[in-house]
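Everything on this sheet refers to the single structure shown next.
Computed from the coordinates by the stated procedures, all read-outs in this text should not be read as laboratory data. Every value quoted in this text rests on a predicted model; they were computed, and no experiment measured them. All Cβ positions, even for glycine, are placed from backbone atoms using ideal geometry, and neighbour counts span all protein chains on display.
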Amino acid sequence: MTFLEQFKVSDTLVKFWSGFDLESILNHPKDGTSGYMVVLVESIKMEYLRYSRNLKIDQICSDKGERDFYKIIENIENDYVLIYQSRGEQNVILVDIIKDKFSKSQIW
């Protein structure tokens, strides 16, 4: 994952990332101590293909069992992780929109 930018709203940190690292997403604290993790991915389908390829390599090299990517994504259950699908050139626009939404929701 590539760090894009961060800002604070009401003493809560909001960090924007481009790319996808399943372990980082799953390990993000659910209590808000690390703030919000906003992940911008180009395509969930592409991430699934990368995940499947890496999983097959891991299965050959170690004793890791198979994990269902879509089931994992559906069951993240972390209010501090937000995953958005966008194209690379749209990231700047999407970051601005999300920053605006965070700011407006804190005003009232």
Failed condition for L13, given (1) surrounded by 12 or more Cβ atoms within 10 Å (Cβ to Cβ); (2) under 14 Å from the mean Cα position of the chain (by Cα)
(2)
Can you tell me which residues in the range 1-22 are within 16 Å of I97 (Cα to Cα) and free of Cβ contacts under 8 Å to residues at least 60 places away in the same chain?
Q6, K8, K15, W17
Would you mind listing the helices (runs of 4 or more DSSP H) fully within the range 7-101 where at least 1 residues are of a type in the set (G, A, S) and touching a helix residue (DSSP H, G or I) at 6+ places or on another chain (Cβ under 8 Å)?
44-61
How many residues are among the hydrophobic types (A, V, I, L, M, F, W, C) and free of Cβ contacts under 8 Å to residues at least 24 places away in the same chain when one looks only at the range 23-58?
4
Filter the range 33-48 down to residues that are surrounded by 12 or more Cβ atoms within 10 Å (Cβ to Cβ) and farther than 20 Å from L4 by Cβ, then give me how many there are.
1
So Q6 clears everything in (1) surrounded by 12 or more Cβ atoms within 10 Å (Cβ to Cβ); (2) more than 23 Å from Q90 (Cβ to Cβ); (3) polar (S, T, N, Q) except one condition, right? Which one?
(2)
